[in-house]
1. In region A:265-318, what residues are among the charged types (D, E, K, R) and either in a helix (DSSP H, G or I) or modelled with pLDDT of 95 or more (or both)?
2. Tell me, please, whether a residue that is touching a Gly at 6+ places or on another chain (Cβ under 7 Å), polar (S, T, N, Q) and in contact (Cβ under 8 Å) with a residue 24 or more places away in the chain can be found in region B:64-71.
3. Any residue in region B:185-197 that's over 19 Å from B:Pro159 (Cα atoms) and within 9 Å of chain C (Cβ to nearest Cβ): show its pairings with residues that are of a type in the set (Lys, Arg) and surrounded by 14 or more Cβ atoms within 10 Å (Cβ to Cβ) at Cβ separation under 8 Å, as long as the two are six or more apart or on different chains.
4. Report those helices (runs of 4 or more DSSP H) wholly inside region C:23-113 carrying at least 1 residues which are under 30 Å from A:Phe323 (Cβ atoms) and at the interface with another protein chain (Cβ under 7 Å from one of its Cβ atoms).
5. Can you say whether B:Gly46 is under 26 Å from B:His272 (Cβ atoms) and not in a helix (DSSP H, G or I), as far as the supplied structure shows?
6. Note down all Cβ pairs under 6 Å where the first residue falls in region A:107-119 and is within 11 Å of chain B (Cβ to nearest Cβ) and in contact (Cβ under 8 Å) with a residue 40 or more places away in the chain, the second is surrounded by 23 or more Cβ atoms within 10 Å (Cβ to Cβ) and of a type in the set (A, V, I, L, M, F, W, C), and they're at least six residues apart or on different chains.
Amino acid sequence: MQTQDEITGEFQRPKLNYLNNGTTLKSWLLTKDHKRIALMYLISVSAFFMMGGIYASIIRLELLTPASDLLETGTYNKVFTQHGILMIFFFLIPSIPAVLGNFLIPIMIGAKDLALPRVNLLSLYLYWIGGSFALWGLMQGGVDTGWTFYVPYSTTFSNTYVMAVGLGIFINGFSSILTGLNFIVTVHTMRAPGMTWFRLPLFVWAHYAVSLVMVLGTPVIAITILLMALERVAHVGIFDPSIGGDPILFQHLFWFYSHPAVYIMVLPGMGVVSELISNFSRKKIFGYEFIAFSSIAIAVFGFLVWGHHMFVSGQSIYAGMVFSFLTMVVAVPSAIKMFNWTATMYKGSISYDTPMLYGIGFMGLFLIGGLTGLFLGAIGLTVHLTDTYFVVAHFHYVMVGGQVIAYLGGIHYWWPKITGKMYSEFWGKISAMLVFVGFNLTFFPQFILGYQGMPRRYAAYPPEFQVLNIFSTAGASVLAIGFLMPAIYLIHSLIWGKEAGPNPWMLPGLEWRTSSPPPTENFLEPPVVTWEAYEFGEDSGLDLEEARRRAAVAPVA
Amino acid sequence: MATHVDTHGEYHPPGLQHQFEDMKQQEESVSIGMWMFLVQEIMFFGGLFTVYLVFRSRFPMAFAAGSNHLNVVMGFANTLVLIVSSLTMALTVYYAQKGNRNMQVILIILTMIFGATFLGVKVVEYKEKYDDGLVPVTGLNRKVKASAGEEHGEEPAKPCWEGAHEEHEYINPKGEFQWHDCSLAKKAENEGFLTPTEKIGYYNPASGQIDANKFRDKVRIYFWIYFAMTGLHALHMIVGLILMSWLLYKAWKNTFSAEYYMPVEMSGLYWHFVDIVWIFLFPLLYLLGRHFIAHGG
Amino acid sequence: MADNHSEEHHHEEQHIGIPGYLVVFGILVVGTILTYTVALNDLDSILFHGANTLVALLIAFIKMSCVMLFFMHVRWSPRLVWLSAVGSFFWLAIMFAFTMQDYFTRGSGVFGG
């Protein structure tokens, strides 16, 4: 595999790997290599994250003062809409599957590539095309409908670039569908000999579940956007109650996808966390089958609860009760995962490396986010909390405290594999802690604000809410620094980082049994799998003491 | 492939892609992939079927009235045309597996002819709607100015449920959606099977009578759903024809055989799916109100 | 490994053969004619309200099953394909049922709604 200097212990980069196998622009833009596609996604997704983050900063700046003084209300509407659209459709939904999933799934199952590499490339192109339309719409003047595009505002009254941005999201949806389709096929047909379903890393199980949701749910948002666009153009009235239409129908169709979409966002994060917790506790994950099946359960049950976004919309109370009950049920599989992760850590040999800090952070923050979701799912209590900052805090806890933190954890964990370099552990830990502190300071006050009655999507608020808003904005500043730092030290590591070697963390996973960075065909010899997942036994050949000795001897980056 | 370093030196069967170990793995992958694509297509159309379901359950008589105005002969013919094209498609796969180039080519051409016939009939139908003022978008109907000397309210207007079989003169200066006949609503009122939504939706609250414009609006929603569903279906047919052209080219070059025929099979799956959608669209759009008028209702 | 498949892989290749395909075609044509003629009769007053729709959907279902099982070869396909086909209809059913449960219970007085 990778050659290693006898005396210093330093690794040499493999001469031919996926990064230098073909150096022309054409070899990247027309590549079929899932790893290159993943890298191009990484750059694009990071760009969208930054744009969404800038919008978030503007929101927090405006909310420093009770009056709508930084922006006028119309502009503020555009800012929070665009923050939501960019973050949800162009960052959160693709992030882990398109970057980490694309890169790792073939390697984790011992395959040369995904089953359908050209479909993968098409996915990337569709993402770029959709993103371009959306950005064009944003630059022409943006949209102010809220990321939820509710009718009748979006079809009849809004004077903004709904069609352009809607088209961008529509095209992007097909990128998502094709990624999911590809993963399903790959997991079924491309596993190496010996890689049975129950030897798969839980990262792969999570992505399989996510892919089911992508394929089954995304087409419905596509048709919904199409219907909204047609209504905007033709004004037939299918959503207009004065002519016999029903605005709630739009909401049903919209949330049929958009609720499972939140599971598209969080399930891959949970897959990453399963990897982080087990590997950094050096202990076989507790309840492997439970975690695997709970991913599928979340994917399935996630389709049955969409009405909990519509409790006060005018849907029937009977429907509200059914959805409320099922919302309580869908929390159970997530809770099962929490228990299993905790049990995994118990009596494990935990090392608090940066990825593990993110992993533990996920557990705590997703717990809070998930529990507050139960408040919102309880049909009585939700009436008080709907459309307040409580909702905003809840979904940021699960999406940022959950998904984004899991994404960062995954990036840090697999960075050595992807780039062949180690980043600075010191700065990694500092950033992780800044993110954690900044995040809580930003969003915890919002639970209180919401409970006290501050509505969401408002640029101006009563003066008694100002103190908590100031805390929130202060937290956002810390969080912003915490997010910017990895960008700096990770890029720094590309040039000045230590060579990572094939298995810097000394772990049993299949991805650690090839060089860093891997060759284009992932493995020099096609692997034959004879071990179980997360095998940390004595005979797995991973000497922790040896790893620690090497870490002590090697120069600090 | 120029920038891709291949570490194998083995024989590759024709059409085998580099990421697969053998043809069986490729065939399995392509098959699951196409079925996943069909699953998402089902959900895509499913959204429109949901809209249909919601509106039909709320305004069944408006739907029946609109449906009766569709050209059922053309719809019936189109259904048969698609079924025949499905047969020719299935036979194409059969002959592709046998490596019979000539039969493949003939059958693909036949499939395309039937597909094109379907689209041609749809064009005729759509043109009929345009001529009759049944396109639900203002401005997209045949415009006919009112002739000079005619005023808008000539005689006291008859209630919209009478004179159902009379010909209304077609005056449509703005190209709006036109509907005059609400006799089915009246029939439902008389026989007591209006839905609660209909009891509000069709009626003028002031007079307590069925209001022609309100009924017309619901029929307009029916026609919108008709155009949306058949339009989306027709779009898929067009894509299918493009797919068939590519397949024809490949079959002409004798690409397919017992060893390598999956592209034909997969194209067939897509074609049959489009047929299945129509199998549901025909009764749901064309036949739902026939029993009201068949025995003189 | 790459070449010993030609025989075993295509053992069921012809499936039902041309006569079989023609029989299925016949069933589809008959089904279409049947659905048209039944639609002209008012079953709603003879049987129950909604009977016409039910019969039409049943015939459509049978036609669809013929196309799927025989033309699309689902009958000879691995279980995963069966599961995809059945599963997607199940998902459609979820979308229909959970949406309609709202519309059917509005104004019904159930739970005060």
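The values are calculated or read from the model by the stated rules, or taken from the named source; none is laboratory data. Just so it is clear, the model here is predicted, and its values are computed rather than measured. Neighbour counts run over all protein chains shown; Cβ positions are idealised from the backbone, glycine included.
1. A:Glu275, A:Glu289
2. So in region B:64-71, the residues touching a Gly at 6+ places or on another chain (Cβ under 7 Å) come out as B:64-65, B:67-68.
Going one step further and asking which of them are polar (S, T, N, Q), we end up with B:67-68.
Remaining after also requiring in contact (Cβ under 8 Å) with a residue 24 or more places away in the chain: B:67-68.
Among the residues of region B:64-71, at least one is touching a Gly at 6+ places or on another chain (Cβ under 7 Å), polar (S, T, N, Q) and in contact (Cβ under 8 Å) with a residue 24 or more places away in the chain, which makes the answer yes.
3. B:Thr197/B:Arg58
4. On the way: elements: C:43-46, C:51-66, C:79-105.
In region C:23-113, the matching helices (runs of 4 or more DSSP H) lie at C:51-66, C:79-105.
5. Values: under 26 Å from B:His272 (Cβ atoms): yes; not in a helix (DSSP H, G or I): no.
Considered against the rule, which asks whether it is under 26 Å from B:His272 (Cβ atoms) and not in a helix (DSSP H, G or I), B:Gly46 comes out as no.
6. What qualifies is A:Ala111/A:Met190; A:Ala115/A:Val185; A:Ala115/A:Met190; A:Val119/A:Leu178.
Okay, residues lined up against (1) part of a helix (DSSP H, G or I); (2) surrounded by 21 or more Cβ atoms within 10 Å (Cβ to Cβ):
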residue	(1), (2)
A:Ser27	yes, no
A:Ile37	yes, yes
A:Ala47	yes, no
A:Thr65	no, no
A:Leu71	no, no
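Table: residues versus (1) surrounded by fewer than 24 Cβ atoms within 10 Å (Cβ to Cβ); (2) under 24 Å from A:Val79 (Cβ atoms).
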| site | (1), (2) |
| --- | --- |
| A:Met139 | yes, yes |
| A:Tyr150 | yes, yes |
| A:Tyr153 | yes, yes |
| A:Gly168 | no, yes |
| A:Pro193 | yes, no |
| A:Arg199 | yes, no |
| A:His207 | no, no |
| A:Leu216 | no, no |
